[in-house]
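Asks: My structure is below; once you've seen it, I'll send some questions.
Readers should treat all values here as calculations from the given coordinates under stated rules, not as data from a laboratory. Everything quoted here is computed from the prediction, not taken from an experiment. A quick note on method: Cβ atoms are made from the backbone with ideal geometry, for glycine too, and the neighbour counts reach across all protein chains shown.
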Amino acid sequence: ETGVTQSPTHLIKTRGQQVTLRCSSQSGHNTVSWYQQALGQGPQFIFQYYREEENGRGNFPPRFSGLQFPNYSSELNVNALELDDSALYLCASSYLAGPSTDTQYFGPGTRLTVL
Amino acid sequence: AQTVTQSQPEMSVQEAETVTLSCTYDTSESNYYLFWYKQPPSRQMILVIRQEAYKQQNATENRFSVNFQKAAKSFSLKISDSQLGDTAMYFCAFMKLNNDMRFGAGTRLTVKP
């Protein structure tokens, strides 16, 4: 198992609500990436945080936002939930140093259901 | 934009046999990383193997090896001596330096006893 943890495991929300998902990075890692995995599909990149700053973003609207804290834990916030936001949300931590990058290690995911 | 294609939605193999999963990708970058991840029903995405594009030698991890053909933009995974625990979704992924990772749609592998 990796040292990446996520909470909660499952979550049910209704359309229009807001949700916060949490991730704790593996020790020694300074970068966290978030992915959305719809049922039967591969993960889609949402964004990446490096040293508390957004370091890249995929094709997701601004209602998807994030935070990275000094201890490298992270949050994914989604506002105005839509039915299509129902998915498995994965976070992955890695160590970024200059021009090179390291392997991303994934947490177990949070299953979000929007009704 | 980088795209990753896995053309085999499902595959099956008998226990102890060898199976190869295919992956192709499209990029204009010269330096990048390629990965195979395994996702069992428990959902945890587990790294299987990693390949740096600048390395000509194919990566190997125990029973898992890759055939990396940079010019053809092909990155296949070979699993030798398949075990029941290898049953999972397998995702091929491409990553530029300091950038996001792009995944294929996955191949569902079933190992039969």
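Asks: Take every DSSP beta bridge with both residues inside chain A and express the antiparallel ones as a percent of the total, to the nearest 5.
Replies: If I count the DSSP bridges inside chain A, around 90 percent turn out antiparallel.
Asks: Then there is this: Using a basic spin-label model with each label point 7 Å from the Cα along Cα→Cβ, how many nm lie between A:R63 and A:T5?
Replies: For A:R63 paired with A:T5, the spin-label model returns 3.1 nm.
Asks: Under a crude label model (7 Å from the Cα following the beta-carbon direction), how far is B:T3 from B:I46 in nanometres?
Replies: Those two pseudo-labels are separated by 3.2 nm.
Asks: Moving on. Once you average over the residues of B:42-51, how many Cβ atoms of partner chains fall within 10 Å of each Cβ?
Replies: Mean shielding count: 5.
Asks: Something else now. Within chain A, what is the longest stretch that has no GluC sites (Glu not before Pro) placed in a DSSP loop and near at most 13 other beta-carbon atoms within 10 Å?
Replies: A:2-51
Asks: Still on this structure, I have one more. With an 8 Å Cα cut-off and a minimum separation of 6 or more residues, compute the relative contact order for chain A in percent.
Replies: Rounded, it is 37 percent for chain A.
Asks: Can you flag which of A:K13/B:K112; A:K13/B:K96; B:K70/B:K112; B:K38/B:K73; B:K38/B:K96; B:K38/B:K70 are past 27 Å Cα-Cα?
Replies: Listed pairs above 27 Å: A:K13/B:K112; A:K13/B:K96; B:K70/B:K112.
Asks: Before anything else, pin down the relative contact order of chain B: Cα pairs under 8 Å, at least 6 apart, normalised by residue count, whole percent.
Replies: Worked out over chain B, it gives 38 percent.
Asks: Taking 8 Å as the Cα distance limit and 6 or more residues as the minimum spacing, I'd like the relative contact order of region B:1-61 as a percentage.
Replies: Across region B:1-61, relative contact order equals 26 percent.
Asks: Using Cα centres only, tell me the gap between region A:1-59 and region B:36-113 in whole Å.
Replies: 22
Asks: Calculate the FRET efficiency for A:A80 and B:N31 from the Cβ-Cβ distance with a Förster distance of 35 Å, rounded to the nearest 0.05.
Replies: Efficiency for this residue pair is about 0.35.
Asks: Please list, in chain and number order, the residues 5+ apart from A:G56 or on another chain whose amide H is under 5 Å from its amide H, with Hs placed from the backbone.
Replies: Under 5 Å from the amide H of A:G56: A:Q48.
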